[in-house]
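Everything on this sheet refers to the single structure shown next.
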Protein chains: 2
Amino acid sequence: MKIFNLLVGGDPANLPENWQELDGEWVGVDRGALRLVNEQLKGSLAIGDFDSVSEAEFAKVAAGFDRVVKLNPIKDDTDTEAALAKVLNIDDHAQVRILGVSGGRIDHLLANVLMVLEARFRRFAEQITLIDRQNRITFFNSGKHTIKKEAGFKYLSFIPLTPIDALTLDDEKYQLHNHMVPNARAYVSNEFIGSTATVYLSNGLIAVIQSKD
Amino acid sequence: MKIFNLLVGGDPANLPENWQELDGEWVGVDRGALRLVNEQLKGSLAIGDFDSVSEAEFAKVAAGFDRVVKLNPIKDDTDTEAALAKVLNIDDHAQVRILGVSGGRIDHLLANVLMVLEARFRRFAEQITLIDRQNRITFFNSGKHTIKKEAGFKYLSFIPLTPIDALTLDDEKYQLHNHMVPNARAYVSNEFIGSTATVYLSNGLIAVIQSKD
């Protein structure tokens, strides 16, 4: 099973500490590809429309990656969606970490949070994690799931991205039992009691965010 | 009609330039209240559980506002939801700008984007704007709406926060006609052709984000 780290073009100040030391293969998405080259991280794939980089910057990207995919800027996919589709096509069991999602355009951040709802990505939702300095976002489809506490992260938030007929959080600090969720909604600032927590959803899809101040 | 500016506790680096000069009444939400005092902005209301400020900081807040509401930290509402409910109770036609939503906890940002879906806030959705340095987020319920271009913002993104049976964008650079949206989804990086753009949604609720790099 491969691990891919997709670096997208958000604010570098929001990246987690020592992000360069993560294990796995690096994929540079648009301006994220340039950042990888500048950090002297060897990436396997660069992908994007590269609209926002100069010709000289693009030459640097082309030299720094084994493979470069230049997308048409007129497209329905975002660069990140195209990158995600590409790495899941290489290994459909891959774990995919997406870094650089925050601190800039909120439309892009929301696109990255919501793309797991698309039919083509939904069955891979549990393989995807969005990571920045203060947040780790994971996703769960229907069923009962165990969440492991990340060291140093205080808060545990549950964000149904769809309606859910019955949501149960029965071993967290604040509990819900077969709670009906009519719309997407953020239930924030819950906390772990132990080193793991359980979420059960009858249907739909939920984002689970571990965060810290 | 009143204008309220709610300052919440996100990263101050993400606030728009000259945010201090906005017209309207200032409301400080939790750590945002302390920031207003430190900026010597006179606020009409400070609200929050103030869990994250020291006793000395809280005394500064108490001295800097006409009115201070200290919430129980064990509550279902977020501080921002409580503040929004409070100002809509003062004037249910108020325009409400929310600043300081980004750059920190993504669970808080998502809570602020999704709270307009709650039954108690939904009819006020079109009165609410979330603003940071690179983004202006507005909300529309079903019907046909005109969006005005904000100077200096290049991109226009449409983010249905609910399923929509028919979504039409017929005077934007990239168009949709009676498009069925099965889940929340971000349609990003559209653009204005003129100084206004039209969105039509048959049902549901959409966030519209003007953003820039």
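Sum up the charges of everything whose Cβ sits under 9 Å from the Cβ of B:Gly194, counting Lys and Arg as +1 and Asp and Glu as -1, but leave B:Gly194 out. Charge balance near B:Gly194 sits at 0.
The helix-based estimate of mean residue ellipticity at 222 nm for chain A, built from -39,500 (n - 2.57) per DSSP H run of four or more residues and divided by its residue count, is -5500 deg cm²/dmol to the nearest 500. Sorted shortest first, the distances from the A:Arg67 label point to those of the same residue in the other copies are 6.1 nm; each point sits 7 Å from Cα along Cα-to-Cβ. Within the protein assembly as shown, what percent of beta bridges assigned by DSSP are antiparallel, to the nearest 5? Approximately 55 percent, going by the DSSP bridge assignments. Checking every one of the GluC sites (Glu not before Pro) in region A:124-213 against DSSP loop status and a limit of 16 other Cβ atoms within 10 Å picks out A:Glu150, A:Glu191. For region B:62-98 versus region A:9-33, the spacing of their alpha-carbon centroids is 37 Å. In region A:14-35, whose amide N lies under 12 Å from the spot 7 Å out along Cα-to-Cβ of A:Glu57? List them in ranges. Backbone N within reach: A:30-35. Measuring how big region B:134-212 is from its alpha-carbon positions, Rg and Dmax come out at 11.3, 32 Å. Remark: label point of B:Asn89 defined 7 Å out from Cα along the Cα-Cβ vector; separations to the same position in other copies 5.5 nm, ascending.
Across the identical copies, the label point of B:Gly143 (7 Å from Cα in the Cβ direction) is separated from its matches by 4.4 nm, in order from shortest. Note on region A:138-213 and region B:103-134: Cα centroid distance 20 Å, given to the nearest whole angstrom.
Can you name the helices of chain A, as whole DSSP H runs, whose Cα span along the helix axis is 15 Å or more and whose Kyte-Doolittle mean is not below 0.5? Membrane-span-like by this rule: A:79-90. When the solvent-accessible area of the protein assembly as shown is split by element, carbon and sulfur atoms take up 47 percent of it, the probe being 1.4 Å.
Only beta bridges with both residues in chain B are counted; by DSSP, about 55 percent of them are antiparallel.
What you get for region B:55-157, charging only the Cβ of Lys and Arg (+1) and of Asp and Glu (-1), is a dipole of about 480 debye around the Cα centre. How big, in percent, is the set of alpha carbon pairs in chain B lying more than 30 Å apart? Result: 24 percent of Cα pairs exceed 30 Å. Taking A:Ile131, A:Ile90, A:Ile147 in turn, the Gaussian network model of chain A (Cα-Cα springs below 10 Å) assigns the largest fluctuation to A:Ile90. For B:Gln210, the shell of other residues with beta-carbons less than 11 Å away shows a net charge of +3, using +1 for Lys and Arg and -1 for Asp and Glu. Using a Debye calculation, one point per C-alpha and no hydration shell, please list log10 I(q)/I(0) for the protein assembly as shown at q = 0.11 Å⁻¹ in order. Log10 I(q)/I(0), no solvent term: -0.85. Under a model in which nothing but the beta-carbon of Lys, Arg (+1) and Asp, Glu (-1) is charged, region A:24-93 shows a dipole of about 260 debye around its Cα centre.
The charge dipole of region A:134-212, taken about its Cα centre with unit charges on the Cβ of Lys, Arg, Asp and Glu (plus for the first two, minus for the last two), comes to roughly 260 debye.
The values are calculated or read from the model by the stated rules, or taken from the named source; none is laboratory data. Treat the numbers as computed from the prediction; the structure is a model and nothing was measured. Note: ideal-geometry Cβ built from the backbone for every residue, glycine included; neighbour counts use all protein chains shown. The protein model used for the area step is the full one, side chains on, heavy atoms only, and it has no ligands, DNA or RNA in it. Shrake-Rupley method; radii C 1.70, N 1.55, O 1.52, S 1.80 Å.
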